[in-house]
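S.K.: Before we start, here is the structure in question, set down as structure tokens.
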Amino acid sequence: MTLRHDAFKPLMVSAAFLFLLCVCADAAGKRGDKVAPAAASSINAPAQLSPLSPDAPQDKPRVLERDAIDAFRAATAPYREQAKAAYPAAKSRYLAGLPAGQHFYVTVTLHSAGKQESVFLEVLSIKDGVVRGLLASQMQLLTDYQPGQAMAVSESDIEDWTITYPDGHEEGNFVGKFLDTYQPPGG
């Protein structure tokens, strides 16, 4: 996925559970070069999400101004690469069956009406390069999506992944863990 810094305004990020928000600056609502996930689609009405532990890390939203987006993308690039490199093993574990109380999530970016928002999907199935799951994020910008809404996305659009445990700790979430300590330039 390619994000052009000149196509976006503020970028909100949160630590622990990664939550990126960008508002397209293009008034015409054009998405630019390959910004939208190719296979993102809604497939059902909202469903019940698996409960997270009350001890799970909490989101800590922050706003990055336009001039900090390039630095943010550069700073998080190694963590997105780590997530992509580790994804096949996490996927295999999920397909083999995670223990009771563990849940598998992927992070992808959704697009609508010239806006984009990176979100978590609770994975329900993975087959033929397509991840089907439930939207597990509280939407901030894309009001045409709802938590619990069934979605299908291409595996090629996955930016990060997380396995949650009953005691609240997480595995994966490479970018989110980095964001726990990230200080944007001038911030």
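A short reminder: the numbers here are calculations on the coordinates, not readings from a lab. Note that the structure is a prediction, hence the values are computed from the model and not measured. Cβ placement follows ideal geometry from the backbone for every residue including glycine, while neighbour counts extend to all protein chains displayed.
S.K.: For D160, list long-range residues whose amide hydrogen, built 1.01 Å from N in the peptide plane, is under 5 Å from its own amide hydrogen.
M.R.: Amide H neighbours of D160: T107.
S.K.: Same structure again: Report ³J(HN,Hα) in whole Hz for each residue of the range 158-164, in order, from the Karplus equation J = 6.51 cos²θ - 1.76 cosθ + 1.60 where θ = phi - 60°; Gly and Pro get x.
M.R.: With coefficients 6.51, -1.76 and 1.60, one gets 6, 9, 6, 8, 8, 10, 9 Hz.
S.K.: Averaged over every viewing direction, what's the projected area of the C-alpha convex hull for the range 73-187? Give it in nm², one decimal, please.
M.R.: Averaged projected hull area, Cα only: 8.2 nm².
S.K.: Further question on the same structure: Please report, to two decimal places, log10 I(q)/I(0) for the range 116-177 at q = 0.28, 0.29, 0.30 Å⁻¹ as given by the Debye formula with identical point scatterers on the Cα atoms and no solvent.
M.R.: Log10 I(q)/I(0), no solvent term: -1.31, -1.32, -1.33.
S.K.: Next question. Put a dot 7 Å past each Cα toward the Cβ at A113 and D167; how far apart are the dots in nm?
M.R.: 4.4
S.K.: For a Förster distance of 22 Å, can you work out the FRET efficiency between the beta-carbons of A96 and Q48, rounded to the nearest 0.05? Intermediate values should be presented prior to the final figure.
M.R.: On the way: r = 24 Å, r/R0 = 1.10.
Efficiency at R0 = 22 Å is approximately 0.35.
S.K.: Per residue of the range 118-131, in order, report the coupling 6.51 cos²θ - 1.76 cosθ + 1.60 (Karplus, θ = phi - 60°) as ³J(HN,Hα) in whole Hz, putting x for Gly and Pro.
M.R.: Karplus-based 3J(HN,Hα) across the range 118-131 equals 7, 9, 9, 10, 6, 6, 9, 7, 9, 7, 6, x, 10, 9 Hz.
S.K.: According to a simple spin-label model (label point 7 Å from Cα along Cα-to-Cβ), what is the distance in nm between D55 and Q138?
M.R.: 2.3
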